[in-house]
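Report on one structure; see the data block that follows.
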Amino acid sequence: MKFSIYQLMILCLFAIGISSFTQKNIMKENATEVVIYKISAEKVGEYEAISKLPDSFLQKQEGFVSRKIYRDLKNPQIFLDIVEWGSLEAGEKATKNLESDEALLPFLQATEEVISFSHYQSYP
């Protein structure tokens, strides 16, 4: 089967278009935010209530999907938050907005250390 120059050019342009579309939209895919953090020892007893403070903030953020909180079985000061976002941009924007919300001050003050903070995408 022979292809004309015109057909090969269209095929190449099509392939380039798909590649470009994929690259542009990779940032639009869902992003999973994983945060591992340590709260101060004096806040362990009241942390159940404090840990719920970000929920109302998150629900107002564009692109928010869900949040789950896990507690380390061996160290009651270590927590893991998994937050699902509609896109990486949505998660990053919410992170910037987080510090300006005064209602979250008790949550932020209870956090002694952020051990890890990253965004992930399903693979492959």
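What is the number of the single condition among (1) surrounded by 13 or more Cβ atoms within 10 Å (Cβ to Cβ); (2) modelled with pLDDT under 95; (3) in contact with a helix residue (DSSP H, G or I) (Cβ under 9 Å, 6 or more places away or on another chain) that E99 does not meet?
(1)
Scan region 59-87 residue by residue and report those that are closer than 17 Å to E48 by Cα, within 13 Å of the chain's Cα centre (by Cα) and either open to solvent by less than 50 Å² (accessible area, probe 1.4 Å) or among the hydrophobic types (A, V, I, L, M, F, W, C) (or both).
If the condition is that a residue be closer than 17 Å to E48 by Cα, within 13 Å of the chain's Cα centre (by Cα) and either open to solvent by less than 50 Å² (accessible area, probe 1.4 Å) or among the hydrophobic types (A, V, I, L, M, F, W, C) (or both), then R67, L80, D81, I82 are the ones that fit.
Check every one of the helices (runs of 4 or more DSSP H) wholly within region 38-107 and list those with 2 or more residues that are under 16 Å from Y120 (Cβ atoms).
The qualifying helices (runs of 4 or more DSSP H) are 88-98.
List, please: which pairs have Cβ atoms under 8 Å, are six or more places apart or on different chains, and start with a residue in region 106-117 that is open to solvent by less than 60 Å² (accessible area, probe 1.4 Å) and end with one that is part of a strand (DSSP E or B) and not polar (S, T, N, Q)?
Filtered contacts from region 106-117: A110/I39; T111/Y37; T111/K38; T111/I39; S116/V34; S116/V35; S116/I36.
The values are calculated or read from the model by the stated rules, or taken from the named source; none is laboratory data. Computed from a prediction, not measured in an experiment: that's the story for all the values here. Please note: Cβ atoms are built from the backbone with ideal geometry, for glycine as well, and neighbour counts cover all protein chains shown. The accessibility values were calculated without ligands, DNA or RNA, using every heavy atom of the protein model including side chains. Shrake-Rupley method; radii C 1.70, N 1.55, O 1.52, S 1.80 Å.
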